[in-house]
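The structure under discussion appears below in the form of structure tokens.
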Amino acid sequence: MTNVRDVSRRELFTEWLTSVEDHHVSQHGDVPDVDPANWTVSLTGDVDDPAEITVDELREEFPSVTVAHTMECAGNGRAFFEGDTGSPNWTVGGVSTAFWTGVPIREVLERYGALDDGGAESDGDGADADRTDDDRWITAVGGDRPTDETAFARSIPVSKAADDCILAYAINGNPLPLEHGKPVRVIVPGWYGVNSVKWLTELRVMDRMVVGDAWDDDLDRAHWQQDRYRIHPAGEEPTHRESVDTVDTEAQLRDGAIDHPYTFEQLPKSIIGYPTDGETVAPRRDGQVEVLGMAWAGDAALETVEVSTDGGETWGEASFLGPDYAGAWRLFRYLWTPDPGDHTLVSRAADDRGRRQPPRLSDPVERLDEAGADEFPWNRDGYGANASLPHAVEVSVAPE
Ligand SMILES: Nc1nc2c(c(=O)[nH]1)N[C@H]1C(S)=C(S)[C@@H](COP(=O)(O)O)O[C@H]1N2
Ligand SMILES: [Mo]
């Protein structure tokens, strides 16, 4: 079961900041009972000084920063795939942008001796000699009320955690509401929402991502890392891995670099907010219509957004307006001088790594590499649906 707030209103893609009320909500189990005064985050695993940190300590004894983060659920857009690819059946409602305030994870790791110096000689223990923060992982565990034998946990590389991730206790300047992870959650800027663990109870520093038996109880903490949120066909169970060479979701897919890619970094994507689907618009006095939307590209920088007003035949470049924060979407604008009648508007984003939204989603495939070069592969749980054409809007232009 998944509990969601799906706010599939196209108009929201003209507003850079999402209000807390309009921010999508997603979790797989039940929201826990939370008593902030007695909540602690334990720091365990490969650290010099394991610790139990209270929420007051996080707020009062560590510096705080505010980061802008466009959080997209990996399943956003899965409604556009053929056939059943799981729930919630998002069209565009699973992406939002907010300011999150909290403690840089780097500060916590440094204070308790959990960061490495990049592989310098260690004193004797050979296993650690070549250890760097790129091949160590940090596993965040959520305090979700248990509904089965799984616990919600996600692993990210220590290098990413120490770079820009935070333990957030506020959203848009106010304390976290229960559904967004009260009293404290992880925020992983530029990565799919699943990595941003809510109701954080433990951070464990490990030499691999979570695979199974690192804890001595019977809860399965590997499920949400290894079995779900993987890009794979139907009828195939993802292989559990201890590590990956790249966290770029598209690079994992390319040429089958990694079996069953993980949904870490967000793929480039854009969504038109004005005009909305089915709308009839009247051009301004100068004959133009201002097409507006939002575009994002995970950890990469957006390079261009193009807009087509003929269903993807020809394209023109949009300009960017407004706020520009790493890890957050950008408002784009395209000035269009239309003829009266019906038009299909499409947008596509490209980033500075050369990644660009493909035009189509593939039909169901038995192997990911059966998808065409201009298609994002169908996958069982419907992740990563960033193709441009399915997100088109049909617009009528009124006669003058
Ligand atoms: N503890 C916990 N954290 C979680 C989840 C969950 O089920 N349990 N769901 C994840 C998913 S799939 C998403 S998309 C984001 C959504 O965060 P939000 O509800 O604040 O928008 O939370 C993530 N963090
Ligand atoms: Mo999600």
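Summary of computed values
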| item | result |
| --- | --- |
| Tabulated pairs, the stretch 357-380, first farther than 14 Å from Asp255 by Cβ, second of a type in the set (S, T, N, Q) and surrounded by 20 or more Cβ atoms within 10 Å (Cβ to Cβ), C-beta under 7 angstrom, 6+ apart or interchain | Gln357/Ser270; Gln357/Asn386; Gln357/Ser388; Pro359/Ser388; Phe376/Asn386; Arg380/Thr85 |
| Residue match in the stretch 16-23 (condition: touching a Phe, Trp or Tyr at 6+ places or on another chain (Cβ under 9 Å) and away from ligand 2 (no atom under 16 Å from the Cβ)) | yes |
| Leading residue by the ranking (farthest from Arg254 (Cα to Cα)) among those in the stretch 211-225 that are within 24 Å of the chain's Cα centre (by Cα) and away from ligand 2 (no atom under 16 Å from the Cβ) | Asp220 |
| Ala161 being within 16 Å of ligand 2 (Cβ to nearest atom) and touching a helix residue (DSSP H, G or I) at 6+ places or on another chain (Cβ under 9 Å) | no |
| Criterion (of a type in the set (Gly, Ala, Ser) and at pLDDT 95 or above) met by exactly one of Gly118, Gly102, Gly126, Gly86 | Gly102 |
| Checklist (1) modelled with pLDDT under 95; (2) of a type in the set (A, V, I, L, M); (3) open to solvent by less than 30 Å² (accessible area, probe 1.4 Å) applied to Ala168, failing item | (1) |
| Single match in Ala326, Ala234, Ala257, Ala300 (criterion: surrounded by 17 or more Cβ atoms within 10 Å (Cβ to Cβ), under 24 Å from the mean Cα position of the chain (by Cα) and more than 16 Å from ligand 1 (Cβ to nearest atom)) | Ala300 |
| Count - residues of the stretch 285-296 that are in contact with a Phe, Trp or Tyr (Cβ under 9 Å, 6 or more places away or on another chain) and among the small types (Gly, Ala, Ser) | 2 |
| Cβ pairs under 9 Å, 6+ apart, first in the stretch 223-252 and under 21 Å from Ser362 (Cβ atoms) and outside any loop (DSSP other than H, G, I, E, B), second open to solvent by 40 Å² or more (accessible area, probe 1.4 Å) and basic (Lys, Arg) | Arg230/Arg380; Glu250/Arg353; Ala251/Arg353 |
| Odd one out for Asn174 among (1) over 17 Å from Thr44 (Cα atoms); (2) in contact with a strand residue (DSSP E or B) (Cβ under 9 Å, 6 or more places away or on another chain) | (2) |
| Residue list for the stretch 260-285, filter: open to solvent by 30 Å² or more (accessible area, probe 1.4 Å) and in contact (Cβ under 8 Å) with a residue 24 or more places away in the chain | Tyr274, Asp277, Gly278, Glu279, Thr280, Ala282, Pro283 |
| Ser19 small (Gly, Ala, Ser), surrounded by fewer than 17 Cβ atoms within 10 Å (Cβ to Cβ) and at pLDDT 95 or above | yes |
| Restricting the stretch 42-63 to residues that are closer than 30 Å to Pro323 by Cβ and touching a helix residue (DSSP H, G or I) at 6+ places or on another chain (Cβ under 9 Å), the residue that is surrounded by the most Cβ atoms within 10 Å (Cβ to Cβ) | Leu58 |
| Matching residues, the stretch 178-209, being of a type outside the set (A, V, I, L, M, F, W, C) and within 16 Å of ligand 2 (Cβ to nearest atom) | Glu179, His180, Gly181, Arg185, Pro189, Gly190, Tyr192, Gly193, Asn195, Ser196, Lys198 |
| Within the stretch 1-118, strands (runs of 3 or more DSSP E) holding 3 or more residues that are within 15 Å of ligand 1 (Cβ to nearest atom) and on the phi < 0 side of the Ramachandran plot | 3-5, 25-27, 65-72, 95-104 |
| Residue among Gly75, Gly102 that alone is within 16 Å of ligand 2 (Cβ to nearest atom) and closer than 30 Å to Ala162 by Cβ | Gly75 |
| Test: residue in the stretch 338-353 that is touching a Ser or Thr at 6+ places or on another chain (Cβ under 8 Å) and exposed (fewer than 14 other Cβ atoms within 10 Å of the Cβ) | yes |
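The values are calculated or read from the model by the stated rules, or taken from the named source; none is laboratory data. Remember, predicted model here, so these are calculated numbers, not experimental data. Quick reminder, even Gly has a Cβ in these numbers, built from the backbone with ideal geometry, and neighbours come from all protein chains shown. The area values use the complete protein model at the heavy-atom level, side chains included, leaving out ligands, DNA and RNA. Shrake-Rupley method; radii C 1.70, N 1.55, O 1.52, S 1.80 Å.
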